[in-house]
1. Test of understanding: among R289, R271, R329, which residue is touching a residue at least 40 places away in the same chain (Cβ under 8 Å), touching a Leu at 6+ places or on another chain (Cβ under 7 Å) and of a type in the set (K, R)?
2. Restricting to region 116-156, what's the tally of residues that are of a type in the set (G, A, S) and in a strand (DSSP E or B)?
3. For region 184-193, how many residues are on the phi < 0 side of the Ramachandran plot and either surrounded by fewer than 24 Cβ atoms within 10 Å (Cβ to Cβ) or of a type in the set (S, T, Y) (or both)?
4. Looking only at region 384-422, filter to residues that are touching a His at 6+ places or on another chain (Cβ under 8 Å) and over 11 Å from G77 (Cβ atoms); which one of those is surrounded by the fewest Cβ atoms within 10 Å (Cβ to Cβ)?
5. Output yes when any residue across region 253-266 is under 21 Å from A167 (Cα atoms), basic (K, R) and outside any loop (DSSP other than H, G, I, E, B), and no when none is.
6. Just give me the residues in region 387-421 being aromatic (F, W, Y) and assigned to a loop (DSSP other than H, G, I, E, B), in sequence order.
7. Determine which single condition L218 fails, assuming it passes every other condition in (1) under 29 Å from R316 (Cα atoms); (2) outside any helix (DSSP H, G or I); (3) modelled with pLDDT of 95 or more.
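The values are calculated or read from the model by the stated rules, or taken from the named source; none is laboratory data. Keep in mind it's a predicted model, so treat the numbers as computed, not measured. Glycine gets a Cβ as well: all are built from the backbone with ideal geometry, and neighbour counts include every protein chain shown.
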Amino acid sequence: MTGSSEHGRLPMSRRGFLAGAAAAVGGALGGSTWAGSLLPLVGAPDAPRVVGWNGVLTGPHVQPRVKRIVSLFQSGGPSQIDLFDHKPLLQERNGTELPDSVRQGQRLTGMSGNQSVLPLAGAQFDFERHGECGAWVSELLPNTARMVDKLCFIRSMHTEAINHDPAITFFTTGSQIAGRPSLGAWLSHGLGSLNPDLPDFCVLVTKNKGGQPLYARLWGAGFLPSSHQGVQLRAGADPVLFLSDPAGVSRALRRSSLDALDRLHELQLQRTGDPEIETRRVHAELAWRMQRSIPEVTDLSDEPDETFRLYGEDARDPGTYAANCLLARRLLERDVRFVQLFHKGWDQHGDLPNGLRVQCRETDRASAALVLDLERRGLLDDTLVVWGGEFGRTNYSQGPLSATDYGRDHHPRCFTMWMAGAGVKPGFTYGETDAFGYNIVADPVHVHDLNATLLHLLGIDHERLVFKYQGRHFRITDVHGEVVRAVLA
C-alpha cells in the first residue's frame, strides 16, 4: 500500500502494525521486546546487573560454578559397551540369544527388528581399571584412561529417541521436533557475551567425515532472536563465511557503509518495531569486529611445538578433530561462553572393531589434550568439558556375529558420557546398568536432567530461563528435568 495519511505518514502494513504492537507491549513490560518475555519468572527488569551477566538475566539464580562450557559431541552414538561400560557377562554369553527377560519387549529399530536372532556380543577389546578411582576404560582410549581421575562418568544416561535425527535434535535443543533453540542459543540469550569481539556460541565440525548428516538448526536460535545462533568456524582461508572484504573495499569504506546501514536500520526500527532489525544491527557490528578477532584466534602460528606434541600433529591441519580441540581452547581462553565440537562417524552398525578403532584414534588424544591443556592454563577451574553422543549401542550384534566382526544397533535405554572440570566430582562414576548392559538399574539420568545440571553449574535455574512463544513459556528442559546433585563437587 502506498500514499500518504492525513498525518503525512505512510499507512502501516498489517505486519508492521503487529510488530509495532508487540514492541509497545514489550517495552511497557520490560524495557525491551525480548526482555519482557522473561519478566514473569526472572524478576524486575530494573534489578541490579551482576558483572558478566549481559543477557536477559541480570544475575545468577544460584551460585555459579562454571563460566564456560565446551561440548565434544560424538555424533552417531559411541558404543558404551566397547569403551566404558565393561560387561564380562557378555563375553561369557557371546553368541547366545538376548533373553526376553532382559529386553522386556522394548522397541528395536527397523535395522535389527527383523533379525531372527539377537546374539549377545561381548566387546572384542581389553578393559582395565585405571587411576585411583579404578574406572574401567577400553584399550581403545589410552589417553582418556590416563586421566580418569579428572573425569566424572555418567553410565546411566538415557534418551527418548531411537533414530539419529530426532535423537541429536533432542540432545541439542531439548525436543525431537526441529525448530527449538539450541542449548548454546539459550545460554547466549540468558547470559550474554563475555567477549564482545567474538560470538557467544561457536561451532566446530570435523572436516571430511562421513556419517549421519549434521544441520545448522542443531546450533540454531529457533524462535529466539537470531543473534543467538551458533557461528560455525570452518577450515580454510575464511573461517567464517564472507569474513573478508571484497577486493577494492577498504576498512574505512566498510566502516562508513556500516554506519550508513545502521542509520537506515534505526529509521526502520522506529517505524516498524521489528526486533529482528535490532538483531541485524548487532550482527553487522559483531561481523565488523570479527574481521579482526577471528583471524587472530584461528592463527595457530603462535602455538609452540609442545602444543602439537600434546594434541598430535593432526592439530596442524585445520578442520581435523585435533585442530578443532586446540581451536576450542583458544576460543575458551578468549571467553567464548559455549563452544560445541561435532565429530561424525560413530554409527557402527557393522564392522565395529575397525570403525571404532578409527574413531578412537582420531579423537582420544585430542580430547584428553584439551582437558590437560585447560588444566595447566588454570581454565579448568571455571570451564566444563562434556563428552558424549546422542545415544548408545545395543549389547547384541546387528547382523552376523563372528570372531572378528560385529555391529551394534542404536540403544537409547542406557549409555555413557563423561565430564571434566568446574563443578563436577573428579574420579567419580554415577549410575549403573545391568550385567547385560541393556537396562539402567541405578540412578538414571535423562537428557533433560543433564541440561538442567549444566544450567545449574552456570548459575541458572533451568525452570526460570524461559521464552514465551505462541502463548507458551518454553525452556531447554521442556516440562521436566532435575539437577543431578550427586555429581556436583
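1. Values: R289 fails: touching a Leu at 6+ places or on another chain (Cβ under 7 Å); R271 fails: touching a Leu at 6+ places or on another chain (Cβ under 7 Å).
Among R289, R271, R329, only R329 is touching a residue at least 40 places away in the same chain (Cβ under 8 Å), touching a Leu at 6+ places or on another chain (Cβ under 7 Å) and of a type in the set (K, R).
2. Pass one, region 116-156, residues of a type in the set (G, A, S): 116, 121-123, 131, 134-135, 138, 145, 156.
Applying the additional criterion that residues be in a strand (DSSP E or B) yields 135, 138, 156.
Total satisfying the criteria: 3.
3. So in region 184-193, the residues on the phi < 0 side of the Ramachandran plot come out as 184-191, 193.
Of the ones still in play, those that are also either surrounded by fewer than 24 Cβ atoms within 10 Å (Cβ to Cβ) or of a type in the set (S, T, Y) (or both) are 188, 193.
Matching residues across region 184-193 total 2.
4. Of all residues in region 384-422, those touching a His at 6+ places or on another chain (Cβ under 8 Å) come to 390-395, 398-399, 407-410, 412-415.
Then drop every residue that is not over 11 Å from G77 (Cβ atoms), which leaves 395, 398-399, 407, 413-414.
Values: N395: 34, Q398: 24, G399: 17, G407: 24, R413: 24, C414: 27.
Across region 384-422, the extreme among qualifying residues is G399.
5. Of region 253-266, the ones under 21 Å from A167 (Cα atoms) are none.
The answer is no; no qualifying residue exists.
6. Restricting attention to region 387-421, the residues satisfying the condition of being aromatic (F, W, Y) are 387, 391, 396, 406, 415, 418.
Correct list: F391, Y406.
7. Exception for L218: condition (2).
Yes/no per residue for (1) hydroxyl-bearing (S, T, Y); (2) surrounded by 11 or more Cβ atoms within 10 Å (Cβ to Cβ); (3) under 13 Å from S227 (Cβ atoms):
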site: P246; (1), (2), (3): no, no, no
site: S250; (1), (2), (3): yes, no, no
site: R254; (1), (2), (3): no, yes, no
site: S257; (1), (2), (3): yes, yes, no
site: E266; (1), (2), (3): no, yes, no
site: T272; (1), (2), (3): yes, yes, no
site: P275; (1), (2), (3): no, yes, yes
